[in-house]
Amino acid sequence: MNLVLQSPGLQEKDAEEAARLAGAAGLERVHDRCYRARNATRSDAVGKWCEARRIDHAFIPEGRRFADLRLLAMDMDSTLITIECIDELGELAGKRAEIAAITAQAMRGEIAYPESLRRRVSALAGLAEGSLTRVYEERLKLTPGAQALIAACKKHRVQILLVSGGFTFFTERLKARLGLDHTISNVLEVKGGRLTGALIGEIVDADAKAAKFRQVLSQLKAGRNESVAIGDGANDLKMMAAAGVSVAFRAKPVVRAQATCALNWSGLDAVVSLFE
């Protein structure tokens, strides 16, 4: 296994100590914020040591190359972008605290995602359609490292799937702006220039995300080991389980526990450095 070590302030001496703890055969510098230890042995001690020093660590099988990937899927809210769009809409509706509390419960897996989404969207009833544009233009920001990750995908012809339990208003604009290949998300109902508090069509939940991921993988005639999935909430877990490598990005504990690895302090570009 390779032990990949990353953090914004990673020091060589810390990488050397982590490699020693993992019994690694050698250590190589990938870039200023990343080191790779070869022939490492997975252990809880390494994880606890890295966690205490705010160092992202991942045990990745040797020989996994980013250039060999065919599909990279990622969640939108709090993953590709820094905000939860529905929480921002909630603030404009004067109901941010109410909606954010339901969002947090859903991401922790405490309530079913479809139920949580219906409750949150219902709270937006009467909000002006123009509020969607305000959130996109004034509040939506890409996560640090997002553009570098997308550039790496384009360089190596890795297709990008943006999956979201959020809304097409945002996913389709990001698809056009960033040159993404595929999206799946929910459609808000609008009548008379205002949100009705309802959705059109089936809700994009954990099963829908996973089904879309498998569908695109099949279309590409790609195998599981040629894919990576990135998410932060419980509704990403089924999709992540279908990928060769799953990355919990600034994620809830339930997601970190089931993912291949977690990135808690690095940017999205750190996903590229997981691979050789």
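One table, with the values for the structure above:
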{"read-out": "GNM top mover of Arg53, Arg250, Arg64 - the chain, alpha-carbon springs below 10 Å", "value": "Arg53"}
{"read-out": "Expected 222 nm ellipticity per residue - DSSP helices of 4 or more, -39500 (n - 2.57), all of the chain, to 500", "value": "-10000 deg cm²/dmol"}
{"read-out": "Isotropic mean projected area of the C-alpha convex hull, the chain (nm²)", "value": "14.0"}
{"read-out": "Convex hull volume per residue in cubic angstrom - Cα atoms of the range 167-276", "value": "136"}
{"read-out": "Top positive-direction residue, dipole computed over the chain with Cβ charges, set Ala257, Leu5, Gly47", "value": "Leu5"}
{"read-out": "Helix axis angle, 96-107 relative to the chain longest principal axis, alpha carbon, degrees", "value": "50"}
{"read-out": "Within a Gaussian network of the chain (alpha carbon springs, distance under 10 Å), most fluctuating of Gln215, Gln147, Gln159", "value": "Gln215"}
{"read-out": "Per-residue Cβ neighbour rank within 10 angstrom, fewest leading, Val204, Val4", "value": "Val4, Val204"}
{"read-out": "Rounded tilt (10° steps) of 113-122 against the dominant C-alpha axis of the chain", "value": "40"}
{"read-out": "Contact order relative to length of the range 1-62, as percent, for alpha carbon pairs under 8 angstrom and 6 or more apart", "value": "48"}
{"read-out": "Cα Rg, Dmax, the range 1-62, angstrom units", "value": "9.9, 26"}
{"read-out": "Of Lys155/Lys209; Lys13/Lys48; Lys155/Lys238; Lys154/Lys212; Lys212/Lys238; Lys154/Lys175, those spanning more than 22 Å from alpha-carbon to alpha-carbon", "value": "Lys155/Lys209; Lys155/Lys238"}
{"read-out": "Crossing angle, helix 12-21 versus the chain [Cα axis fit, 0-90 degrees, rounded to tens]", "value": "80"}
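Here, each number is a calculation from the coordinates, and none is a lab measurement. These numbers come from a predicted model, not from an experiment. Neighbour counts run over all protein chains shown; Cβ positions are idealised from the backbone, glycine included.
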